[in-house]
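Below is one structure; the comments refer to it alone.
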Amino acid sequence: MGGRGAVREGLLAAREHWLASSAGGAGAPPPGARGPVRTVVSESWLRSRSTGLDPDGVLAPLALQGAELRERRAAHPLAPVLPTARRLLLAEPLGVPVLMAVGDTDGTLLWVEGEAGLRRAAEAMSFLPGARWSEDAAGTNAPGTALALARPVRVRSGEHYATAATRWSCSAAPVHDPATGRVLGVLDLTGGDDLGRERALALVRAAVGAVEGELRVAALRRGLGGTGGAGAPARLRLLGAGEAVLRAGGRERALSLRHAELLTLLLTGPADGWSAGALATALDERGLATVSVRAEVHRLRAVLAGCAGGALGLSPSPYRLTGELCCDVLDVRRALREGRTGDAVDAWTGDLLPASDAPGVREVREELLVALRTAVLEGGDDDALLRFSRTGAGRDDPHVAAELLRRLPSGHPGRGEALARTARHPG
């Protein structure tokens, strides 16, 4: 540990020497001022300084939040391959605490995941979803510099330009579209000194290779399905007020309530599919004629064909959805199953098809809300609990307000919100 501490102190001293030697000038510092600073780092420092950033004052700005962040995530081409990145970088213990971040091409972090305590500590330097970590906004850092150079980069503690980031180390690499070669985003590992080592960068490179391989396979599958490999997977929005919307092939189509109910059941129901009789019972507690169910399935099949081409379809009875369809309901379920309560809260934009009275839909709606509420009340993510308290379901929940008052420290602004809600709904 002493050796690592000495290395870090040496990096910090070299950084201070470099900054002092280059202060007030437009060019590089004089020979001898660089000390042990790597060329890739000193060149990045020069770019960072040329933007006018103050090393002691710079923090990555928050560029996206709320609905804008959710929409960017939902449409992002790396969203479908997140499970692979998590499995390679987070699921297996690496021996040291780590955070995995996935950023967009402009350096905006869309996902930051890992150990909860480490996430909270990283937020103090604005390393959180929605923050922009490009070089011109945050100075030298692994994800921003990797995007600037279009190649893998590691940045150790004192090599960061921003003083607030000098206790962290990170390794990052761009992710490319296998078909076109264009950069889709960046994958990053952030933590302590170990994350600035070559072996950490090698692990990130391997994860990027696996992610790009999965993207290549998905493109080939779409091509075989008749979509020519173009565009992101189809996405269905079922949560919140308003009509359900299917987005595919760059187009959006509002769905009838009945078709939205059918898709809900097909996405969340038994893996071996539905019979017409089982769907009739799940759609109407009084029961529907199976001929009516078959007619609706036939109409839905035509809607899918018109909107998504050959990418989506319905098998003959037993009815199953064919093709890849992303959905906000599945996003919430997956996040809860993987223990990512904050992501589940962000993905939950309201009740599932609130206008539907179909028994099968009501069951999924209630299960989803109970699971989410339980996760925020019993989990350890205070920020997720606070965000849930601002939703329609959490706003008037006395247990949520009481838990906020119990968990939030004195002086936290969220306590005022909880007290106001408790006053409105006493007892």
Discussion item. If I filter the range 380-427 down to residues being more than 18 Å from T349 (Cα to Cα), among the hydrophobic types (A, V, I, L, M, F, W, C) and in contact with a Gly (Cβ under 7 Å, 6 or more places away or on another chain), which single residue comes out as surrounded by the most Cβ atoms within 10 Å (Cβ to Cβ)?
Written reply: L404
Item to complete: For the range 138-152, name all the residues that are outside any helix (DSSP H, G or I) and more than 17 Å from L110 (Cα to Cα).
Response: G139, T140, A150, R151, P152
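Each row is one residue, and each column tells you yes or no for (1) in a helix (DSSP H, G or I); (2) of a type in the set (A, V, I, L, M, F, W, C); (3) buried (at least 23 other Cβ atoms within 10 Å of the Cβ).
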residue: A74; (1), (2), (3): yes, yes, no
residue: R86; (1), (2), (3): yes, no, no
residue: V102; (1), (2), (3): no, yes, yes
residue: D106; (1), (2), (3): no, no, no
residue: D136; (1), (2), (3): yes, no, no
residue: R154; (1), (2), (3): no, no, yes
residue: Y161; (1), (2), (3): no, no, yes
residue: A172; (1), (2), (3): no, yes, yes
Discussion item. Considering only residues that are surrounded by fewer than 19 Cβ atoms within 10 Å (Cβ to Cβ) and under 22 Å from A172 (Cα atoms), which ones fall in the range 54-67?
Written reply: L59, P61, L62
Fill in: Filter result (closer than 20 Å to L88 by Cβ and of a type in the set (V, I, T)) within the range 149-182
V153, V175
Worksheet item: Taking helices (runs of 4 or more DSSP H) that fall entirely within the range 371-427, which contain at least 2 residues that are within 16 Å of R340 (Cβ to Cβ)?
Response: 382-389
Fill in: Flag if A179 is among the aliphatic types (A, V, I, L, M) and in a loop (DSSP other than H, G, I, E, B)
yes
Fill in: Filter result for the condition that a residue is surrounded by fewer than 18 Cβ atoms within 10 Å (Cβ to Cβ), touching a strand residue (DSSP E or B) at 6+ places or on another chain (Cβ under 7 Å), over 13 Å from A358 (Cβ atoms) and not hydrophobic (A, V, I, L, M, F, W, C), over R301, R294
R301
Practice prompt. Out of the residues in the range 404-427 that are among the basic types (K, R) and over 16 Å from G380 (Cβ atoms), state the one that is modelled with the highest pLDDT.
Written response: R415
Item to complete: Pairs only if they're at least six apart or on different chains, beta carbon under 9 angstrom, first in the range 74-88 and closer than 11 Å to G185 by Cβ, second aromatic (F, W, Y) and at pLDDT below 90; list them, first residue then second.
Response: none
Worksheet entry | Residue satisfying condition, being polar (S, T, N, Q) and farther than 19 Å from G192 by Cα, within set T163, T140, T108 | T108
Fill in: In the range 1-60, residue farthest from H160 (Cα to Cα) [restricted to those that are among the β-branched types (V, I, T) and at pLDDT 60 or above]
T51
Worksheet item: Tally time: how many residues in the range 337-370 are in a helix (DSSP H, G or I) and closer than 18 Å to G117 by Cβ?
Response: 3
Worksheet item: Could you say whether any residue in the range 112-127 is in contact with a Gly (Cβ under 6 Å, 6 or more places away or on another chain), of a type in the set (D, E, K, R) and either buried (at least 23 other Cβ atoms within 10 Å of the Cβ) or outside the structural domain of A335 (by TED's automatic domain parsing) (or both)?
Response: no
Discussion item. Could you check the range 142-157 and list, in sequence order, the residues that are touching a residue at least 60 places away in the same chain (Cβ under 8 Å) and in contact with a helix residue (DSSP H, G or I) (Cβ under 6 Å, 6 or more places away or on another chain)?
Written reply: T145, A148, V153, V155, R156, S157
Practice prompt. Pairs only if they're at least six apart or on different chains, beta carbon under 7 angstrom, first in the range 312-341 and not assigned by TED's automatic domain parsing to the domain that holds A79 and buried (at least 20 other Cβ atoms within 10 Å of the Cβ), second in a loop (DSSP other than H, G, I, E, B) and among the charged types (D, E, K, R); list them, first residue then second.
Written response: T341/D381
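The values are calculated or read from the model by the stated rules, or taken from the named source; none is laboratory data. In this text, all values refer to a predicted model and were calculated from it rather than measured experimentally. Cβ atoms come from the backbone with ideal geometry, glycine included; neighbour counts cover every protein chain shown.
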